[in-house]
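The values are calculated or read from the model by the stated rules, or taken from the named source; none is laboratory data. From a predicted model like this one, the values you see are computed outputs, not experimental measurements. Please note: Cβ atoms are built from the backbone with ideal geometry, for glycine as well, and neighbour counts cover all protein chains shown.
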Amino acid sequence: MSNHDLFQRAQKLMPGGVNSPVRAFKSVGGEPFFTARADGAYLWDVEGTRYIDYVGSWGPMIVGHNHPAVREAVERAVKNGLSFGTPCPAEVTMAETITRLVPSVEMVRMVNSGTEATMSAIRLARGATGRSKIVKFEGCYHGHGDSFLVKAGSGALTFGVPTSPGVPKANADLTLTLPYNDLAAAQALFAEQGSEIAGLIIEPVAGNMNCIPPLDGYLQGLRELCTQHGALLIFDEVMTGFRVALGGAQAHYGVTPDITTFGKIIGGGMPVGAYGGRRELMEQIAPSGPIYQAGTLSGNPVAMAAGLAMLELIQAPGFHDQLAARTRLLCDGFQSVADGEGIAFSTNRVGGMFGLFFSAEKVQSYAQATAADAALFNRFFHGMLKRGVYLAPSAFEAGFMSSAHSDQDIADTVEAARGALCEAKG
Ligand code: PMP
């Protein structure tokens, strides 16, 4: 069965032929490939074509695909059954691991996706403060919960529907939005409505409007504002957690949030999310407290085994330094090729995540990210794909490095970029 035939069948049966929008290649044009298997830095599609993969299942695959230690941990867990609906030992080990690696998280609750984690986190913020309003940032994506599909990033931004139909106005009205990296705007909003704000949720490194790191002092400034006004600071570390540093963005920037959300890496490729924070807050979650949140499959033994195996691997000494060095090598390679071709181009990177922009200036804001040359990106994307390199199929997604990407993979990628850029500039 070819990619095309599968996509024809899929489109008749699933909206856009996919189970998550950005996979459909709608903004870059063309048709997606269907992956038959993945190993290390590579994906192979059903036609046998190999791609060097910088999507990494959208973040989780930080040690590369199909890592034997993760796979074997899953195989061992599967032998004992797939789901118990009672507590299991791996959940306790997982909670111990997360709280050890991320000290601001004193207690944690496992869920099944990043979306669930952020929805639960704002319920906690609202329940704990008795306030209703939530602050988020334009271009940040926190999953598809109603409160977050207001000026959202990722697919919502890619497809031009940052504020989704189907979100009740009454709900959207409780979500206040701010421009990312603009502390003065946040100060003005809090001065006006600070006493009504339950929590401020932010991607501490934005990764859903391409990749935009926080400006110096920005996260600290938000921390102070929240403290001053009695609002809870929520770091959505679904993407950055365990990636930009072992302790996440909060460790990298030295800023302590009240609540943190996780996903992706902690599941090792299985469907997992988590949220956690100070004990006194988390004890308000059911059944210790009255704020309700539950899950039939939460803390699933197979998912916990995968996540624990991956968290074990990334604790190897120097793991994140090496990942950052590889990311730097890749970004510098792209930059020198673009410079050589005389193309306006810039990159951003933090640890193992990066962004490529067809823009002469360093991109620090949503406005700059959306002003970059998207048509050129689309041509570049297809040029890379044709040369066996899979980048995220949207100009508004971050790229992800893994420890399985070798120097040769990176050199091959940069060489592919030389051809793709030359062709794309026309
Ligand atoms: N928060 C962030 C920062 C994300 O990047 C994502 C997904 N890319 C989510 C939340 C939602 O996670 P999920 O897709 O697992 O629901």
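Things to note:
- Among residues of the stretch 257-270 that are outside the structural domain of Ala38 (by TED's automatic domain parsing), those with a Cβ under 9 angstrom from a residue that is of a type in the set (Ser, Thr, Tyr) and buried (at least 24 other Cβ atoms within 10 Å of the Cβ), sequence gap 6+ or separate chain, pair up as Ile259/Tyr275; Thr260/Tyr275; Thr261/Thr118; Thr261/Ser120; Thr261/Tyr275; Phe262/Tyr275; Gly263/Thr118.
- Qualifying residue in the stretch 124-131 (condition: crowded, with 18+ Cβ neighbours inside 10 Å, of a type outside the set (A, V, I, L, M, F, W, C) and closer than 27 Å to Ala398 by Cα): no
- Counted as qualifying within the stretch 125-204 are no strands (runs of 3 or more DSSP E), as none has 2 or more residues that are under 19 Å from the mean Cα position of the chain (by Cα), within 30 Å of Phe242 (Cβ to Cβ) and among the aromatic types (Phe, Trp, Tyr).
- Yes/no for Tyr218 being aromatic (Phe, Trp, Tyr), more than 15 Å from the ligand (Cβ to nearest atom) and touching a Phe, Trp or Tyr at 6+ places or on another chain (Cβ under 9 Å): yes
- Some residue of the stretch 48-63 being in a helix (DSSP H, G or I), of a type in the set (D, E, K, R) and more than 16 Å from the ligand (Cβ to nearest atom): no
- Selection within the stretch 286-300 - of a type outside the set (A, V, I, L, M, F, W, C) and surrounded by 11 or more Cβ atoms within 10 Å (Cβ to Cβ): Ser288, Gly289, Tyr292, Gln293, Gly295, Ser298, Gly299, Asn300
Every residue, every condition in (1) assigned to a strand (DSSP E or B); (2) crowded, with 24+ Cβ neighbours inside 10 Å; (3) out of contact with any His (no Cβ under 7 Å at 6 or more places or on another chain), yes or no:
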{"position": "Gly221", "(1), (2), (3)": "no, no, yes"}
{"position": "Met239", "(1), (2), (3)": "no, yes, yes"}
{"position": "Val244", "(1), (2), (3)": "no, yes, no"}
{"position": "Val255", "(1), (2), (3)": "no, no, yes"}
{"position": "Ala274", "(1), (2), (3)": "yes, yes, yes"}
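- Only one of the numbered conditions (1) within 19 Å of the chain's Cα centre (by Cα); (2) acidic (Asp, Glu); (3) surrounded by fewer than 24 Cβ atoms within 10 Å (Cβ to Cβ) is not met by Glu283, and that is (1).
- Top-ranked residue of the stretch 226-237 - restricted to ones that are away from the ligand (no atom under 13 Å from the Cβ) and part of a loop (DSSP other than H, G, I, E, B), ranked as nearest to Gly263 (Cα to Cα): Ala231
- In the stretch 185-206, the qualifying residues are those that are small (Gly, Ala, Ser) and closer than 14 Å to Lys136 by Cα, and the one that is farthest from the ligand (Cβ to nearest atom) is Gly194.
- Listed conditions (1) free of Cβ contacts under 8 Å to residues at least 60 places away in the same chain; (2) under 30 Å from Gln250 (Cα atoms) are all met by Met61, apart from (1).
- Gly307 touching a residue at least 40 places away in the same chain (Cβ under 8 Å), more than 24 Å from Leu219 (Cβ to Cβ), assigned by TED's automatic domain parsing to the domain that holds Leu232 and within 16 Å of the ligand (Cβ to nearest atom): yes
- Given (1) charged (D, E, K, R); (2) in a helix (DSSP H, G or I); (3) within 21 Å of Leu157 (Cα to Cα); (4) without any contact (Cβ under 8 Å) to a residue 24 or more places away in the chain, index of the condition Arg379 fails: (4)
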